[in-house]
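Q: Got a structure for you, questions after.
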Amino acid sequence: MNIETKNLWKKNASEILALIDKKEILIEEVLESSLNRIKEINPDINAVVTLINDDEKKRLINNFDNSTDSILKGMPVLIKDMNDVKDMRTTYGSKFYADHFPKKSDIVVQTIEKNGGLIIGKTNIPEFAAGSHTYNSVFGLTKNPWNTSLSAGGSSGGAAASLATGMSWFASGSDLGGSLRNPASWCGVVGLRPTSGLIPHGPSNFPFFNLSVDGPMARNVEDLSIFLDAMVGHNKNDPLSSKGASNSYFKNLLKREEAKYLIGFTDDFGIFPCDKEVRSMMHNTMKLVQNLGHEISNTYPDMSKSEYCFQTLRAYMFYCTYKSLLKKDKSLIKEEVIWNINRAKAITIDDLREAEKARADIYNDTMKFFDKFDFLIVPSSVVPPFNSQNKWVKKVEDTTFDNYVSWLMIAASISLTNCPSIALATSFSKDNAPFGIQIVAPPHEEQKLINFAKSLEENINISDMVPININNENIRV
């Protein structure tokens with residue numbers, strides 16, 4: 001392996017794909033560069049929890065058909081440990097599934113493989129992806145690579161940390177109440193929560209639940225658009241799956257034209273607490289947006305009923321999905337998951353009716369907002385990355401939280417709207433870790449959203465600093 005090949009992990013995915021197209025590098029070299037980087041860096045942050053061995057690597061390469069013009073062209077992909085990969089250890093972060101090897105890959109994985117992705121491993125999550133701090137009793141804690149004393153966020157924390165450190169170019173994420181957006185901004189990478197149905201997923205015993213979606217994560221917006229192309233596609237086994245765009249998000253991004261937009265923003269929707277560092281970040285970010293020629297207004301949809309709505313629907317989902325766990329050894333289940341399951345026991349039919357009505361009101365008000373505005377910008381989290389020894393955020397400003405979900409409502413409120421939302425870092429905290437914003441667009445306007453995010457990213461230098469070495473040692477190609 002020559003020095004250029006050895007350091008392929010430093011390059012952006014778009015550069016790697018161009019080199020593969022020109023036949024200047026082989027997929028074996030790309031794979032080797034990624035695997036070597038994982039072996040070098042992962043012991044320090046624990047982002048990748050399962051990795052292919054040499055025999056499996058040979059099988060992937062031998063079975064890959066490089067005669068077809070696939071989107072990912074044989075590039076390696078890391079998969080969140082909530083997604084089944086055939087014959088690959090998949091634990092869901094739970095001791096109950098510590099030795100689970102699925103007999104079939106789920107729809108997300110099948111789609112990625114069909115589009116030329118080679119699955120090389122799994123990334124760490126909280127137990128059953130519950131909470132925005134990545135630790136579990138099977139694999140332990142994932143550290144934030146910019147400052148290893150801090151949380152990487154979650155539940156896609158392993159995915160975000162692996163991208164930030166150059167262990168992979170693409171990593172799958174999923175998002176119920178910010179699980180993809182929060183870690184993306186906290187690790188200085190990019191994550192997209194798409195419109196429900198754009199990326200098919202499942203199988204599921206409750207396939208009509210649409211609060212949780214799968215989405216792409218990458219080091220920058222351009223690479224994310226490539227991975228989005230590889231994840232979309234109609235699948236009849238997901239009843240919510242839609243046809244999506246027929247054109248490439250990546251190609252349309254490259255030929256985008258600059259436009260000026262009317263953008264609403266808020267720190268807190270007038271109801272949520274927000275750390276002063278986050279408020280300062282929002283002030284500076286909106287000043288940048290305005291300096292780029294866009295018109296901004298402190299206007300936003302009504303989210304006053306969002307927590308009641310989200311907490312009710314989330315508890316119902318957890319009860320339906322994980323109720324059977326309570327018949328097993330409760331000592332193997334973290335208390336937050338038990339709390340979420342038990343919370344549903346007090347929910348009545350009237351509660352569900354009120355929650356669904358509240359969601360309808362939130363959606364309708366959000367659509368009225370988008371009748372006038374092009375985008376909405378809000379923080380991806382109300383706090384910067386917190387100390388990793390804490391399980392979750394207990395207090396922000398004068399508000400004390402009695403559960404592990406309430407502090408996530410700035411992101412969870414957007415989940416209720418079915419709107420696509422892209423998260424990226426726009427600043428650094430006093431602890432020298434990234435944090436930032438989510439940009440929200442109307443449903444099915446992913447292309448417009450990605451194009452705008454790219455224009456903003458070009459005026460923020462954080463993406464140019466990725467990938468990093470541990471504790472924020474900048475890498476240059």
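Read the figures in this text as sums done on the coordinates, not as results from a lab. Note that the structure is predicted; figures quoted are calculated from it, not measured. All Cβ positions, even for glycine, are placed from backbone atoms using ideal geometry, and neighbour counts span all protein chains on display.
Q: Starting from the 7 Å offset along Cα-to-Cβ, what nm value, one decimal, do you get for the label separation of residue 149 and residue 40?
A: Distance between the two pseudo-spin positions: 2.7 nm.
Q: Right, here's the next one. Just order 196-209, 114-127, 37-50, 425-438 by mean Cβ neighbour count inside 10 Å, highest at the front, would you?
A: Output ranking for 196-209, 114-127, 37-50, 425-438: 114-127, 425-438, 37-50, 196-209.
Q: So, one more: What ranking do 146, 9 get, fewest neighbouring Cβ atoms within 10 angstrom at the top?
A: 9, 146
Q: Could the peptides 14-20, 342-348 be put in order, highest first, of the mean number of other beta-carbon atoms found within 10 Å of their residues?
A: Ranked from most to least packed, the peptides come out as 14-20, 342-348.
Q: Continuing with this model, one more query. What residues have an amide H closer than 5 Å to that of residue 444, excluding those fewer than 5 places away on the same chain, when H is modeled at 1.01 Å from N in the peptide plane?
A: Those qualifying (amide H under 5 Å, at least 5 residues apart or on another chain) are 195.
Q: Right, another one. Specify which labelled value, from (i) 23.4; (ii) 24.8; (iii) 22.1, agrees with Kirkwood radius over Cα pairs in Å derived from the coordinates of the model shown.
A: Evaluating Kirkwood radius over Cα pairs in Å on these atoms matches (iii).
Q: Summing Lys, Arg as +1 and Asp, Glu as -1, what charge do residues with Cβ under 11 Å from the Cβ of residue 293 carry, residue 293 excluded?
A: Numbers: positive: 260; negative: 258, 295.
Spelling it out: positives minus negatives among the neighbours equals -1.
Q: I would also like to ask the following. Over region 3-474, what is the mean sequence separation of C-alpha contacts under 8 Å (at least six apart), divided by residue count, expressed as relative contact order in percent?
A: Working: 1062 pairs, mean separation 81.1, N = 472.
Rounded, it is 17 percent for region 3-474.
Q: Which whole-number percentage describes the relative contact order of region 151-280, with Cα contacts under 8 Å and a sequence gap of 6 or more?
A: Averaging sequence separation for qualifying contacts and normalising by length gives 21 percent for region 151-280.
Q: Something else now. Below 13 angstrom from the Cβ of residue 133, what's the summed charge of the other residues (Lys, Arg +1; Asp, Glu -1)?
A: With Lys, Arg at +1 and Asp, Glu at -1, the net is +2.
Q: Rounded to whole Hz and in sequence order, give me ³J(HN,Hα) for region 354-362 from the Karplus expression 6.51 cos²θ - 1.76 cosθ + 1.60, θ = phi - 60°, writing x for Gly and Pro.
A: 3J(HN,Hα) across region 354-362, in whole Hz: 5, 5, 5, 5, 4, 5, 4, 5, 5.
Q: Using Cα centres only, tell me the gap between region 109-184 and region 294-365 in whole Å.
A: 23
Q: Percent relative contact order of region 378-430, based on C-alpha pairs within less than 8 angstrom and at least six residues apart?
A: Computed value for region 378-430: 38 percent relative contact order.
Q: Neighbouring Cβ atoms within 10 Å as the yardstick, rank 64, 170, 128 fewest first. Provide the component values of the computation, followed by the final result.
A: On the way: 64 19, 170 26, 128 23.
Ordered by Cβ neighbours within 10 Å, fewest first: 64, 128, 170.
Q: Tell me, what ³J(HN,Hα) does each residue in region 78-94 have, in order and in whole Hz, if you take phi through Karplus 6.51 cos²θ - 1.76 cosθ + 1.60 with θ = phi - 60° and put x for Gly and Pro?
A: The phi angles translate into 9, 10, 4, 6, 8, 9, 6, 10, 3, 6, 10, 3, 9, 9, 6, x, 10 Hz.
Q: Then there's this: If you take every residue apart from residue 175 with its C-beta less than 9 Å away from the C-beta of residue 175, what net charge results, scoring Lys and Arg +1 and Asp and Glu -1?
A: Result for the neighbourhood of residue 175: +1.
Q: So the label point goes 7 Å from the Cα of residue 234 along Cα→C-beta, right? Which residues of region 190-214 then have their backbone N under 16 Å from it?
A: 197-201
Q: Sticking with this one: Once amide H atoms are placed 1.01 Å from N in the peptide plane, what residues at a sequence separation of 5 or more from residue 468, or on another chain, have their amide H within under 5 Å of its amide H?
A: Sorted by chain and number, the residues that satisfy this are 165, 166.
Q: Here's something else I'd like to know. Which shape class applies to region 354-477: rounded if a/c is under 1.5, otherwise prolate when a/b exceeds b/c and oblate if not, where a ≥ b ≥ c are the square roots of the Cα gyration tensor eigenvalues?
A: It comes out oblate by the Cα gyration axes.
Q: Please turn the phi angles of region 418-429 into ³J(HN,Hα) values with the Karplus equation 6.51 cos²θ - 1.76 cosθ + 1.60 (θ = phi - 60°), one per residue in order, whole Hz, x for glycine and proline.
A: Ordered by residue, 3J(HN,Hα) equals 6, 8, x, 9, 10, 10, 8, 7, 10, 7, 10, 7 Hz.
Q: Scan around residue 170 for amide H atoms under 5 Å from its own, H built in the peptide plane at 1.01 Å from N, and keep only partners 5 or more places away or cross-chain.
A: 78
Q: Rounded to the nearest 20 Debye, what is the dipole magnitude of the chain about its Cα centre when Lys and Arg each give +1 and Asp and Glu each give -1 at the C-beta?
A: The calculated dipole for the chain is roughly 720 debye.
Q: Then there is this: To make sure I understand, if each residue's beta carbon is the centre and we count other beta carbons within 10 Å, what order do 378, 221 fall in, fewest to most?
A: Sorted ascending by nearby Cβ count, the order is 221, 378.
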